[in-house]
Amino acid sequence: MNRALDVSLSLLASVARIGTGMSVGLAGARPGRTLELYEFEACPYCRKVREALSILDLDAVIHPCPKQGPRFREEVRRRGGKAQFPYLVDPNTGKEMYESDDIVQYLFASYGSSNAPFLLAAGPLTLATAGLASALRLGLGSAYRPARAPERSLELYSFEASPFCRIVREQLCSLEIPYLLHNVAKGSARRDAFVERSGKMMVPYLVDPNTDVAMFESADIVDYLEDTYAT
Ligand SMILES: N[C@@H](CCC(=O)N[C@@H](CS)C(=O)NCC(=O)O)C(=O)O
């Protein structure tokens, strides 16, 4: 897709959700161990959970589950009994769960200072706007494309409402590449540490310990992932 159109559609997807997942708010207790999320980028239910993670300033290991993906869909079926996404694993409590509304509620109850905000808890309105966001991206980030699995986990600095980060997450998802997602939305307590590591406050920022690459710029990251992992 033409780059300008790609970015415009990704921006419109964020607008459809009125920028939810742009800023941190209502963060509470911090988990000792990193949460894990099985999801795929084009899924509107998964988006709600990713927005909650950004708002609560939480990292998560992302296991992408694109349609026909051979690895992580099977893992979810094994763990929970069915291939339905999102699926959250919290190693701090041993809790594993389906159902986006339950997951959002659980995250705010466990790691927030109050209930989920209106835009995440508005039932059909939340789902319709999250669905519109996915529709605007024409289903990108839902279909698997063959790729080799990295030996060591990649890391992505991102936040849900960034149109540029979404483009990178779609690519990671299609290639079924797992990664540690560092959410650094506006107001994140981790922004200073991020700037110290990367040199400036800009996302997306990809770190690949397999090749010693660390890079900004969504278009370059997408190309890098294609060249390095797609088969
Ligand atoms: N009520 C569930 C609905 C989840 C759902 O329907 N997810 C779809 C993806 S958007 C799914 O898992 N479909 C099965 C598949 O992709 O194979 C929730 O809110 O989490």
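How far, in nm, would the chain grow between residue 128 and residue 23 when pulled straight, counting 0.36 nm per residue and subtracting the alpha carbon separation? Let's see the in-between values first.
Details: separation 105, 0.36 × 105 = 37.80 nm, distance 2.13 nm.
Answer, rounded to one decimal: 35.7 nm.
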Quiz item: Ordered by packing density, taken as the mean number of other Cβ atoms within 10 Å over each peptide's residues, highest first, how do 33-43, 71-81, 13-23, 166-176 rank?
Solution: 166-176, 33-43, 13-23, 71-81
Exercise. Using Cα centres only, tell me the gap between the stretch 193-231 and the stretch 37-80 in whole Å.
Key: 21 Å
Quiz item: Which of the listed residues, 13, 207, 177, is farthest toward the dipole's positive end in the chain, when Lys, Arg count +1 and Asp, Glu count -1 at the beta-carbon?
Solution: 13
Quiz item: Under the Karplus relation 6.51 cos²θ - 1.76 cosθ + 1.60, θ = phi - 60°, what is the ordered set of whole-Hz ³J(HN,Hα) values for the stretch 83-98, x standing for Gly and Pro?
Solution: 8, 10, 10, x, 9, 9, 10, 10, x, 6, 10, x, 7, 10, 8, 9
Quiz item: Which three extents, in whole angstrom, do the alpha-carbon atoms of the stretch 181-231 cover along their principal axes, largest first?
Solution: 38, 18, 17
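If the only charges are +1 at each Lys and Arg Cβ and -1 at each Asp and Glu Cβ, what is the size of the charge dipole of the stretch 124-188 around the Cα centre, to the nearest 20 debye?
Dipole size: approximately 100 debye.
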Quiz prompt | Principal semi-axes in Å for the chain [√(5λ), Cα gyration tensor, largest first] | solution = 23, 20, 19
Quiz item: Label points 7 Å out from Cα along the Cβ direction at residue 192 and residue 226: separation in nm?
Solution: 4.0 nm
Exercise. Please get the size of the charge dipole for the stretch 1-77, origin at its Cα centre, with Cβ charges of +1 on Lys and Arg and -1 on Asp and Glu, quoted in debye to the nearest 20.
Key: 120 debye
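Starting from the Cα gyration tensor of the stretch 36-103, take the square roots of the eigenvalues, sort them a ≥ b ≥ c, and report rounded, prolate or oblate (rounded when a/c is under 1.5, otherwise prolate if a/b is larger than b/c, else oblate).
Oblate.
Which shape class applies to the stretch 1-136: rounded if a/c is under 1.5, otherwise prolate when a/b exceeds b/c and oblate if not, where a ≥ b ≥ c are the square roots of the Cα gyration tensor eigenvalues? Show your work: numbers first, answer last.
Values: a/c = 1.79, a/b = 1.15, b/c = 1.56.
Oblate.
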Exercise. Below 27 Å Cα-Cα, how many Lys pairs turn up in the chain? Only count pairs eight or more apart in sequence, or on different chains, if you could.
Key: 8
Quiz item: Rounded to the nearest 500 deg cm²/dmol, what is the calculated helix-only ellipticity per residue at 222 nm for the chain, with -39500 (n - 2.57) per DSSP H run of length n ≥ 4?
Solution: -12000 deg cm²/dmol
Quiz item: How large is the charge dipole for the chain, taken about the Cα centre, if only the Cβ atoms of Lys, Arg (+1) and Asp, Glu (-1) carry charge, to the nearest 20 debye?
Solution: 420 debye
Self-check item: Share, in percent, of DSSP beta bridges within the chain that are antiparallel, nearest 5
Solution: 60 percent
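Only the coordinates and a few stated rules stand behind these numbers; no lab work does. In this text the structure is predicted, and so the values were computed from the model without any measurement. As a convention, Cβ positions derive from the backbone with ideal geometry for all residues, glycine included, and neighbour counts pool all protein chains shown.
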